[in-house]
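The values are calculated or read from the model by the stated rules, or taken from the named source; none is laboratory data. Just so we're clear, the structure is a prediction, and the values are computed from it rather than from any experiment. Cβ coordinates were reconstructed from backbone atoms using ideal geometry, including for glycine residues, and neighbour counts include every protein chain displayed.
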Amino acid sequence: MRFTTVLLLTLLSLGAQAAGKSGFFNAKILLEQSPQAIAATEALKAEFGEREQSLRKLAQGIQQMEKTYQTDSAIMSEEQKRKAEENIIQNKRRFQFEQQSLKEDFQTKQRELLGEVQEAIRVVIQAYGTENGYDFIFTDSSIAFGSDAVNITPQILEKLKK
């Protein structure tokens with residue numbers, strides 16, 4: 001019995017050592033609060049803000065054209081109505097095209113910048129893990145429970161700020 005207990009304790013001890021040092025990080029926090037992510041968000045705003053504003057103005061113009069058409073159509077000739085309708089349709093098509101173009105360009109740039117941010121985070125995490133003797137570092141989404149004692153999010157965020 002005593003031998004079994006000693007053997008069991010030895011195996012448990014070896015199992016704990018085999019597990020190694022591990023920690024986890026909150027990916028959402030790093031993607032929201034890291035300077036790299038903040039810079040990427042600002043770059044997106046700078047690059048696409050003007051186009052978005054232009055699109056809003058176009059939408060407001062279309063609304064104004066439709067409102068004018070509704071109020072003035074009773075006194076318009078058939079030719080004027082037809083031209084006004086065509087103008088509204090052309091502007092709606094232009095709006096849809098511009099909106100789709102903006103969406104696609106934005107998503108492409110967003111994926112590019114997100115990839116750069118993720119790569120920067122990955123490099124920092126690997127360096128942190130190596131420097132501090134970690135065997136495993138997980139994202140918070142891949143674990144069911146993690147003690148705050150092994151949450152390295154604040155440390156990674158600090159490294160990203162340097």
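Inside the range 57-78, can you point out the residues that are in a helix (DSSP H, G or I) and hydroxyl-bearing (S, T, Y)? If the condition is that a residue be in a helix (DSSP H, G or I) and hydroxyl-bearing (S, T, Y), then T68, Y69, T71, S73 are the ones that fit.
Residue-by-condition table, conditions (1) loosely packed, with under 11 Cβ neighbours inside 10 Å; (2) in a helix (DSSP H, G or I); (3) among the β-branched types (V, I, T):
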position	(1), (2), (3)
Q80	no, yes, no
E85	no, yes, no
I88	no, yes, yes
N91	no, yes, no
F97	yes, yes, no
L102	no, yes, no
F106	no, yes, no
K109	no, yes, no
L113	no, yes, no
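Among the residues of the range 117-139, those that are part of a helix (DSSP H, G or I) and either surrounded by fewer than 15 Cβ atoms within 10 Å (Cβ to Cβ) or touching a Cys at 6+ places or on another chain (Cβ under 9 Å) (or both) comprise E119, R122, V123, Q126, A127, T130, E131. Within the range 142-162, the set of residues being aliphatic (A, V, I, L, M), in contact (Cβ under 8 Å) with a residue 40 or more places away in the chain, in a loop (DSSP other than H, G, I, E, B) and more than 23 Å from E116 (Cβ to Cβ) comprises just one member, I143.
For the range 5-41, a tally of residues being out of contact with any Gly (no Cβ under 6 Å at 6 or more places or on another chain) and either modelled with pLDDT of 90 or more or not in a helix (DSSP H, G or I) (or both) returns 20.
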